[in-house]
Amino acid sequence: MRALGIVGKVLFMVCLSVLLVTAAIAFEFNSLWLYKNGFQKYNVSQVTGLAEAELDKAATGLISYFNSDEEYISLTVVRDGRPFELFNQREVAHLKDVKGLIRLNYRLLLGTAIYVGAYAGICLFWRRKRYWRRLAWGVVGGSSIALGMMLALGIGSTILDFGQLFTQFHLFAFTNELWMLDPTRDYLIMLFPEGFWYDAAMLFAKITTGVAVTLGGVAGGYLWKTRRRAKS
């Protein structure tokens, strides 16, 4: 039973760290604010020739597509009074691959959320302080793993530059070269230049770090407080 408890606790820590990471990723892919902020910061309207209203349509269309059952995206926008399909066949095929990764992220998010919720619920249900302390240690451990991931991301961005890191991610995540787009004619890369993804990565790191520090701090404070009470 003790070994089972240790395995359950370790699994909880791993699941919590994955939950924090996948939740931040899911938030960003569904953040209309993030899309619109990037469009404004990188003058996407001027680069693409699309009005802001059409860019908003593109952003909401992408978010809707990522959360739909549609296999391929079909998104019509207007430029100079003429409607046209925003993405060409190569971009559509790449977005299908991207959607597959997002769906995988959703599955990881759901699975880890179920386990974390069940483990926490069981620990709290027993209403015994040793179980509460076990949960608190698990939260501290899981938060520390998440912080370690963010540290590794920061070190990786320092050793390589972000552009190299971004390229290595694509080589690892995709089995084809559909992601290699032309910024002079492919709207997908015009909408989301490398700078946008750098900003998104930094926001992702800040969100994950902030939540991990908050959870770890609360759990650590509880452990410190109960330890002082036990000594006194």
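The values are calculated or read from the model by the stated rules, or taken from the named source; none is laboratory data. Please read all numbers here as calculations on a predicted model, not as lab measurements. Positions of Cβ are backbone-derived with ideal geometry, glycine not excepted, and every protein chain shown enters the neighbour counts.
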Next on the checklist: Could you list, ordered by first residue, the pairs with Cβ atoms under 9 Å in which the first is in region 189-210 and within 13 Å of Phe27 (Cα to Cα) and the second is among the acidic types (Asp, Glu) and modelled with pLDDT of 95 or more, at least 6 apart or interchain?
Outcome noted: Ala200/Glu28; Leu203/Glu28; Phe204/Glu28; Ile207/Glu28
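Based on this model, can you work out whether Ser45 counts as without any contact (Cβ under 8 Å) to a residue 12 or more places away in the chain and either under 24 Å from Phe204 (Cα atoms) or not in a helix (DSSP H, G or I) (or both)?
In short, no.
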Checklist entry - Mind checking which residues of region 62-83 are in a helix (DSSP H, G or I) and either touching a residue at least 60 places away in the same chain (Cβ under 8 Å) or surrounded by fewer than 18 Cβ atoms within 10 Å (Cβ to Cβ) (or both)? => result Ile63, Ser64
Item to check | Options Phe166, Phe174, Phe125: the member that is closer than 30 Å to Leu11 by Cα and loosely packed, with under 14 Cβ neighbours inside 10 Å | outcome: Phe125
Checklist outcome for this item: Across (1) out of contact with any Asp or Glu (no Cβ under 7 Å at 6 or more places or on another chain); (2) over 20 Å from Leu203 (Cα atoms); (3) not hydroxyl-bearing (Ser, Thr, Tyr), Glu91 clears everything bar (1)
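Can you pull out the helices (runs of 4 or more DSSP H) entirely within region 112-220 that have at least 3 residues that are over 19 Å from the mean Cα position of the chain (by Cα) and under 26 Å from Val98 (Cα atoms)?
Where helices (runs of 4 or more DSSP H) fall fully within region 112-220 and carry at least 3 residues being over 19 Å from the mean Cα position of the chain (by Cα) and under 26 Å from Val98 (Cα atoms), they are 187-191.
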